Amino acid sequence: MHALMVFVFIAQAPAPESPCRDLLLKAFPKIDADGSGTLSIDEIEKALANPEVKGPTAAAISALRRAVRSKTKPMPAPVTKGAIEKPDPDNAGSKMEGNHKLALRRIQETPRDLFTGKPPLLSDIHQGRVGDCFCLAPLGGWIHRDSDSVRALFRQKANKVEVHACGRWIPVEPLTDGEIAMLATSSGGGIWVNYYEKAMGIARRESEKTASASP
């Protein structure tokens with residue numbers, strides 16, 4: 001009687017796609033401005049504010065910022081290549097791929113007009129991934145009281161937008177893809193609310209005399 005030997009081959013599951021981590025590893029040398037081999041929060045912020053960083057790469061850096069700034073289980077900073085390659089499954093870093101998709105959709109679908117034909121509405125404003133409720137709350141109150149007057153806070157000047165805040169006109173550079181990914185949404189009504197957020201960040205940075213990487 002001959003023994004029957006059965007070989008069972010178990011196909012190894014393909015490694016999950018990780019476009020976010022791949023993009024971050026590719027962009028790592030450019031984000032790492034001081035060449036230290038680690039990414040500080042300031043370096044990540046500067047990359048988000050860089051107009052040359054666009055599309056999927058900007059979305060990936062946005063996802064990394066969320067991971068580092070998570071209030072529950074943040075990815076330790078400064079960030080190394082190893083931390084990006086193998087994020088702890090229980091860490092916020094493991095959510096980067098999903099956050100990358102959300103950020104990329106935001107970048108791709110956001111109208112870049114200051115205003116569209118739609119008037120500013122309180123119900124349209126949804127806070128983004130920046131802790132600026134103190135900025136958006138009074139703006140929402142203003143819209144609720146007199147929506148039409150909000151348009152008068154903005155004026156287009158050459159390639160910049162000027163925002164009237166804190167008693168003066170504040171010039172604001174064009175929004176970057178990284179900023180679009182992080183800031184509030186206005187349900188298709190244009191990106192005026194994002195310019196308002198950035199202007200208030202500029203005013204706050206100047207009043208506090210801080211050298212933060214991004215307003």
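Points worth noting:
- Test: residue in the stretch 183-200 that is part of a strand (DSSP E or B) and of a type in the set (D, E, K, R): no
- Some residue of the stretch 99-120 being assigned to a loop (DSSP other than H, G, I, E, B), in contact with a Ser or Thr (Cβ under 7 Å, 6 or more places away or on another chain) and modelled with pLDDT under 85: yes
- Residue check for Q108: surrounded by fewer than 15 Cβ atoms within 10 Å (Cβ to Cβ), closer than 16 Å to M182 by Cβ and free of Cβ contacts under 8 Å to residues at least 60 places away in the same chain: yes
- Qualifying residues in the stretch 170-185 (those that are open to solvent by 10 Å² or more (accessible area, probe 1.4 Å) and in contact with an Asp or Glu (Cβ under 7 Å, 6 or more places away or on another chain)) - the one farthest from H126 (Cα to Cα): P171
- At least 3 residues being closer than 15 Å to G190 by Cβ and without any contact (Cβ under 8 Å) to a residue 12 or more places away in the chain is the threshold, and among the strands (runs of 3 or more DSSP E) wholly inside the stretch 134-180 not one reaches it.
- Residue among G201, G167, G141, G189 that is more than 23 Å from E109 (Cβ to Cβ), in contact with a Ser or Thr (Cβ under 8 Å, 6 or more places away or on another chain) and surrounded by fewer than 21 Cβ atoms within 10 Å (Cβ to Cβ): G201
- Only a single criterion out of (1) at pLDDT 90 or above; (2) touching a strand residue (DSSP E or B) at 6+ places or on another chain (Cβ under 6 Å) is not satisfied by E179, namely (2).
The values are calculated or read from the model by the stated rules, or taken from the named source; none is laboratory data. As the structure is a computational prediction, the values presented were derived from the model and not from experiment. Don't worry about glycine lacking a Cβ; one is built from the backbone with ideal geometry, like all the others, and counts go over all protein chains shown. The area values use the complete protein model at the heavy-atom level, side chains included, leaving out ligands, DNA and RNA. Shrake-Rupley method; radii C 1.70, N 1.55, O 1.52, S 1.80 Å.
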